[in-house]
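The values are calculated or read from the model by the stated rules, or taken from the named source; none is laboratory data. On a predicted model such as this, the values are computed, not experimentally measured, just so you know. As a convention, Cβ positions derive from the backbone with ideal geometry for all residues, glycine included, and neighbour counts pool all protein chains shown. Side chains are part of the model used for accessible areas, which takes the heavy atoms of the whole protein and leaves out ligands, DNA and RNA. Shrake-Rupley method; radii C 1.70, N 1.55, O 1.52, S 1.80 Å.
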Amino acid sequence: MRRFKLKFGWVLTEDGYLINLTRGDEIYKLNSVGKEILSLISENKSETEICKAMSRKYNVSLDVVMDDFKSFITKLVDLGAVEVVENEK
Amino acid sequence: MSTLTLYWDLTYKCNLNCIHCSASEYRNRRFIQSLLEMLGSPKNSRELRYRDIVEFLGILNSDSRVFEVFISPQRGESTIHQDFLKIWNELSTIDNIKKLSLMTNGVILYKYLKAMNLEKTKNVNISIDGGDEIHDKIRGKGTFRRVLKSLVAVDEIKRDEPDFYLQVNFVLNKINADSLSKLFYLLKDLSIKNILVNVIPVILIRGNAKVNRRLLSIPFDEIIDNISKAYLDFKEINKRRKANGLYPLKLRFDFSPKQYFILLNRMKNFSASTLMFPHKTQCKAKSKQMIYITPYGNLLPCGHFAEPEVLNVFYKDMGREFPPHVFHIESIDEIIQSKFFVNARDWIEQVKKLVLSRHPCASCPFRGSCNVCEIYSYIWGVPDEKI
């Protein structure tokens, strides 16, 4: 299972803004779930750990959470905000 | 229609002698004489009075541009100028001046406010260095009480204007680093909608600040530690303000993006909604959007051109052409198109290329968002290089 991290230059603020300080004009507002996921990513939690935690917290099946997570993380990777740091074998 | 900002120091004199002042040399007669010689107007060594600028005000009035005027942007305390009130009120009546801003130490501002035409005043910057004891230690005995009077008076006059900004500048140094919270508490009951606390790390390259650098110098780590503590109070005060129906205070650090990055990585509790982030701005001097006016009437592309270190290098690189003067110009275009201004724009472009092509900027990941002035970096070095 994968782990991720914010790319160099990106920061997440307490109120859920994702900011690229290497550009300065790149600021995204995340919703509360998105912010929570990124906070867990910052704590070095793995994809499975994050999805399980979200599934428990919001009482949604793990499959659904994993699908949503993949879609969300793909967007962040495409933006250049997040990178994969570890792939589980 | 293009907007041109006039940065205008009516005087280089000051009623204070702060220990962190980086403009104290400008109070020295010999320094000024030497500067004026470099600017090609050694005989105009008297600060301009109202009568001296009447014609220049007429030029502004007849120009097709829109102007913003920022009084006392860099050095000196313009409220002590003999004709401050007259000049301010006259500027307020000029149709194409749309916005007036004032930077002040606030010590005597409260005496003038009732007589000032504040209709176009959209921004007042007041300097406060912490609580009463620290502020007075840095700026002089009794100054805190008087600044507070000005602050309250501005709040009373401007509280109902949604587009008015009160900016409180805090020059952060070793002496006052742990007093930032006191400043936040001071502002907790003010009613103005837009209140921005601007934290400026002390610049130690000249003046009293250079003389007192051992006393004032503070490592960036220590700055972050103090900000971390103060930020908890900042949030608490904003909670209280919200409960009292007041808008939140906003906070800005005069940091480079690299410094912001270190700060935000170390502190995870920052709210973007109350924190102003750095962004790259176009150099106004290069884009013909500003004119800096010295108290002696020299017209310059920006305040840096009133610094001997900058002029020396500029003349060496580009040849010596003296800048225009308010006594000898007939239009704003004449200033912008003068040889000095053209050379300055070319020079800024060259300096920018040079700075960005060499260490440390060439490999800096923050160069795309960096807001540090290229002239500053070229002459004095990159301020965050050693962090």
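Selection of region B:1-45 for residues being of a type in the set (A, V, I, L, M, F, W, C), assigned to a strand (DSSP E or B) and over 12 Å from B:ASN298 (Cβ atoms) yields B:LEU4, B:LEU6. Return a yes/no flag: does region B:304-315 have any residue that is surrounded by 14 or more Cβ atoms within 10 Å (Cβ to Cβ), touching a residue at least 12 places away in the same chain (Cβ under 8 Å), closer than 30 Å to A:LYS35 by Cα and more than 22 Å from the chain's Cα centre (by Cα). Within region B:304-315 (the criterion being surrounded by 14 or more Cβ atoms within 10 Å (Cβ to Cβ), touching a residue at least 12 places away in the same chain (Cβ under 8 Å), closer than 30 Å to A:LYS35 by Cα and more than 22 Å from the chain's Cα centre (by Cα)), the answer is no, since none of the residues qualifies. For region B:205-222, a tally of residues being within 30 Å of B:ARG27 (Cα to Cα) and in a helix (DSSP H, G or I) returns 9. The residue that is farthest from the chain's Cα centre (by Cα), among those in region B:49-93 that are of a type in the set (A, V, I, L, M, F, W, C), more than 22 Å from B:SER2 (Cα to Cα) and open to solvent by 10 Å² or more (accessible area, probe 1.4 Å), is B:VAL54. Taking helices (runs of 4 or more DSSP H) as the structural unit, those lying wholly within chain A and holding at least 3 residues that are open to solvent by 80 Å² or more (accessible area, probe 1.4 Å) correspond to A:47-58, A:62-79. Among the criteria (1) farther than 28 Å from B:PRO162 by Cβ; (2) more than 19 Å from the chain's Cα centre (by Cα); (3) not aliphatic (A, V, I, L, M), the one B:LYS235 does not fulfil is (1). One residue stands out in region B:194-210 among those that are surrounded by fewer than 17 Cβ atoms within 10 Å (Cβ to Cβ) and either without any contact (Cβ under 8 Å) to a residue 60 or more places away in the chain or in contact with a helix residue (DSSP H, G or I) (Cβ under 7 Å, 6 or more places away or on another chain) (or both): the one that is nearest to B:ASP129 (Cα to Cα), namely B:ILE200. Within region B:316-358, restricting attention to residues that are basic (Lys, Arg) and more than 25 Å from the chain's Cα centre (by Cα), the residue that is surrounded by the fewest Cβ atoms within 10 Å (Cβ to Cβ) is B:LYS316. Residues considered: B:LYS182, B:LYS188, B:LYS149. Of these, the only one that is open to solvent by 70 Å² or more (accessible area, probe 1.4 Å) and either farther than 23 Å from B:ASN269 by Cβ or part of a loop (DSSP other than H, G, I, E, B) (or both) is B:LYS149.
Counting only residues that are facing chain B (nearest Cβ under 8 Å) and either of a type in the set (Ser, Thr, Tyr) or touching a residue at least 60 places away in the same chain (Cβ under 8 Å) (or both), region A:21-35 holds 1 of them. For region B:263-283, filtering for residues that are farther than 15 Å from B:VAL372 by Cβ and touching a residue at least 60 places away in the same chain (Cβ under 8 Å) leaves 1.
Residue-wise test of (1) among the aliphatic types (A, V, I, L, M); (2) in contact (Cβ under 8 Å) with a residue 40 or more places away in the chain.
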position: A:TRP10; (1), (2): no, yes
position: A:ILE37; (1), (2): yes, no
position: A:ALA53; (1), (2): yes, no
position: A:LYS57; (1), (2): no, no
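Name the residues in region B:170-179 that are part of a loop (DSSP other than H, G, I, E, B) and buried (at least 21 other Cβ atoms within 10 Å of the Cβ), would you? Across region B:170-179, the qualifying residues are B:ASN173, B:ASN176.
Within region B:242-251, does at least one residue satisfy the condition of being out of contact with any Pro (no Cβ under 6 Å at 6 or more places or on another chain), away from every other protein chain (no Cβ under 14 Å) and part of a helix (DSSP H, G or I)?
Yes: one or more hits.
Scanning region B:342-387 for residues being basic (Lys, Arg) and part of a loop (DSSP other than H, G, I, E, B) gives a total of 3.
The condition (being touching a Leu at 6+ places or on another chain (Cβ under 6 Å), open to solvent by 10 Å² or more (accessible area, probe 1.4 Å), among the hydrophobic types (A, V, I, L, M, F, W, C) and within 14 Å of chain A (Cβ to nearest Cβ)) is satisfied by just one residue among B:PHE277, B:PHE270, B:PHE261: B:PHE261.
Among the residues of region B:366-386, those identified as within 14 Å of chain A (Cβ to nearest Cβ) and either more than 15 Å from B:GLN259 (Cβ to Cβ) or in contact (Cβ under 8 Å) with a residue 60 or more places away in the chain (or both) are B:PHE366, B:GLY368, B:SER369, B:CYS370, B:ASN371, B:VAL372, B:ASP384.
Conditions: (1) touching a residue at least 40 places away in the same chain (Cβ under 8 Å); (2) among the hydrophobic types (A, V, I, L, M, F, W, C); (3) within 14 Å of chain A (Cβ to nearest Cβ). B:MET290 meets all but one. Number of the miss? Unmet condition: (3).
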